[in-house]
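Notes for the one structure printed next.
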Amino acid sequence: MVKRGKTSLEIHRVAHYTFFVGLLVAIVAGFFRDVLAPGVLVTTLVILGFIVGLFNLTAKETMPFLLAAVALMLAGIVNLGLIPGVGLYLRSILNNIVVFVVPGAILVGLKAIWKLASD
């Protein structure tokens, strides 16, 4: 049993690091939006988001994560490009964060529905 708990803790830690790496990639890529290949960036963010959604969240983190994901998706609707100077960068960063968070939100939402249906 100790080994199973240790493995679970290690996977949870890797998922936390994956979250921070994904967030960092989303932010840095927002500043270099014209330089990076969009296909590679989106694929990377989606894969990292799936890893976070699969391994990162405990039962008590599910609702806050889903609420934050919905808030980010709604914030993505706002045209931040209208802000002079930094607006285009903010819009690009937020779009990248949404691309990163959505796969995890889909998985966590499906897990929550599965748990509700099985109870």
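The values are calculated or read from the model by the stated rules, or taken from the named source; none is laboratory data. Here the structure is a predicted model, which is why all the values come from computation and not from measurement. Neighbour counts are summed over all protein chains in view; Cβ atoms, including those assigned to glycine, are modelled from backbone coordinates with ideal geometry.
Of all residues in the stretch 24-41, those being touching a residue at least 40 places away in the same chain (Cβ under 8 Å) and either outside any loop (DSSP other than H, G, I, E, B) or within 14 Å of residue 107 (Cα to Cα) (or both) number 7. Would you mention how many residues in the stretch 40-64 are closer than 21 Å to residue 21 by Cβ and either among the polar types (S, T, N, Q) or modelled with pLDDT under 85 (or both)? Here the count works out to 7.
Quick grid of which residues meet (1) within 25 Å of residue 14 (Cα to Cα); (2) touching a residue at least 24 places away in the same chain (Cβ under 8 Å); (3) touching an Asp or Glu at 6+ places or on another chain (Cβ under 7 Å); (4) surrounded by fewer than 16 Cβ atoms within 10 Å (Cβ to Cβ):
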position: 43; (1), (2), (3), (4): yes, no, no, yes
position: 49; (1), (2), (3), (4): yes, yes, no, no
position: 54; (1), (2), (3), (4): yes, yes, no, no
position: 67; (1), (2), (3), (4): yes, no, no, yes
position: 83; (1), (2), (3), (4): no, no, no, yes
position: 86; (1), (2), (3), (4): no, no, no, yes
position: 105; (1), (2), (3), (4): yes, yes, no, no
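Total residues in the stretch 69-81 satisfying the condition of being among the small types (Gly, Ala, Ser), within 14 Å of residue 96 (Cα to Cα), without any contact (Cβ under 8 Å) to a residue 24 or more places away in the chain and part of a helix (DSSP H, G or I): the figure is 1. Each residue in the stretch 69-81 was checked for being more than 15 Å from residue 104 (Cα to Cα) and either among the β-branched types (Val, Ile, Thr) or surrounded by 15 or more Cβ atoms within 10 Å (Cβ to Cβ) (or both), and 4 of them qualify.
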